[in-house]
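J.: Shown below is the structure under consideration.
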Amino acid sequence: MTEQSDLSRYAHRHFLRHRAALRPEQQARFSVIKTDGVAPGIVDPALSFLKREEENRVPFVQTQPGQRSRALVMFFGLVLVLAVAAWYVTRAGSIDKYLPGVPPGKISVIKRDAYVLAFDPDHRLAAWVGYRVNPGTKEGPKGNSSDPDVTHQLEDYGKDWEMAKLVPVKHVSGGLTEKQLEQVIYLTVVAPHNRYARLSPKQALDNKITKKAEQGEVIVIRGPIYKGKKHRIANVVVPSAYFCLVIQESGVGSPKVEAYIYANTEDGVLELSTPSEVAKQTGLTLPKLLLDLENQL
């Protein structure tokens, strides 16, 4: 009887210690265990069960640190994946917050893989074009082609004017396929330039933008300025000058904005300007964000 009592008391203590680990049906099954007078037929299964529970718990306890380590690795791995995804979204994200306003009426906004375009049907040119710079080495298709979303486009500006791209291939080819690069040669993002203006101030500006993109994320908004007597090539109004807003989103001192204007003439030079001056000369409504960045300069 003493041996049974000792076994019984051991089983009871063991049972109380592990009660929390037992399932409800297991607790009900062995709740009859008493400290004394328990028949061997009840004590033995109880002891066997409790010992099995104890044996089963050992490897679980031993593997807990490893499980926690794996959980931490999975957690931080997920955080890393989300961080990379956020970085990519930021890098390839929308440029809408920097784009000029579009007055109600004829001007239509066209969004493409390479850029966002506001087309002005009265001047038959882009009112502005915005794009995120992603330099690459692809040359892209040659020549120019009609924009499928716009009708009656002039395909030749004659010998006195160059057909210059407002979205240079070298600025965007890093993130586009050969098929997507066809958007860059649409006539809606080509504008008439004086030969000297294309080869000197515009080329200097394009090179400056490429170098800035090596320092961080860059967004460009550029377009025509019309002042004085308007000159036409067929139904296209030739701009008297061009503007360009260069927004550096990342890098030293970012975000910041620089504004440039160059005359569309033989003696045109690249001049540093301000967003507010660009708004004044173009009549465009620039977002407050750009004007705030100007005030920080």
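The values are calculated or read from the model by the stated rules, or taken from the named source; none is laboratory data. Small disclaimer: the values here were computed from a predicted structure and weren't measured. Using ideal geometry, Cβ is built from the backbone for each residue, glycine included, and neighbour counts are taken over all protein chains shown.
J.: Could you list, ordered by first residue, the pairs with Cβ atoms under 7 Å in which the first is in region 255-273 and over 21 Å from Asp292 (Cβ atoms) and without any contact (Cβ under 8 Å) to a residue 40 or more places away in the chain and the second is part of a strand (DSSP E or B) and among the β-branched types (Val, Ile, Thr), at least 6 apart or interchain?
T.: Glu271/Ile261
J.: Are there any pairs with C-beta distances below 8 angstrom linking a residue in region 230-244 that is over 22 Å from Ala279 (Cβ atoms) to a residue that is among the charged types (D, E, K, R) and buried (at least 19 other Cβ atoms within 10 Å of the Cβ), with the two at least 6 apart or on different chains, and if so which?
T.: Short answer, once both residue conditions are applied: Asn235/Arg124; Val236/Arg124.
J.: Name the single residue, out of those in region 119-178 being free of Cβ contacts under 8 Å to residues at least 40 places away in the same chain and within 20 Å of the chain's Cα centre (by Cα), that is nearest to Ala263 (Cα to Cα).
T.: Ser173
J.: Every residue in region 111-138 that is over 25 Å from Ile233 (Cα atoms) and touching a Ser or Thr at 6+ places or on another chain (Cβ under 8 Å), please.
T.: Within region 111-138, Val133, Asn134, Pro135, Gly136, Thr137, Lys138 qualify.
J.: Sticking with this one: So, of the residues in region 170-205 that are part of a helix (DSSP H, G or I) and hydroxyl-bearing (Ser, Thr, Tyr), which turns out to be surrounded by the most Cβ atoms within 10 Å (Cβ to Cβ)?
T.: Per the criteria, the residue is Thr188.
Here's the yes/no breakdown for (1) farther than 26 Å from Glu182 by Cα; (2) modelled with pLDDT of 90 or more; (3) of a type in the set (D, E, K, R):
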| site | (1), (2), (3) |
| --- | --- |
| Phe76 | yes, no, no |
| Leu82 | yes, no, no |
| Tyr88 | no, no, no |
| Ser94 | no, no, no |
| Gly101 | yes, yes, no |
| Gly105 | yes, no, no |
| Lys111 | no, yes, yes |
| Ala118 | no, yes, no |
| Trp128 | no, yes, no |
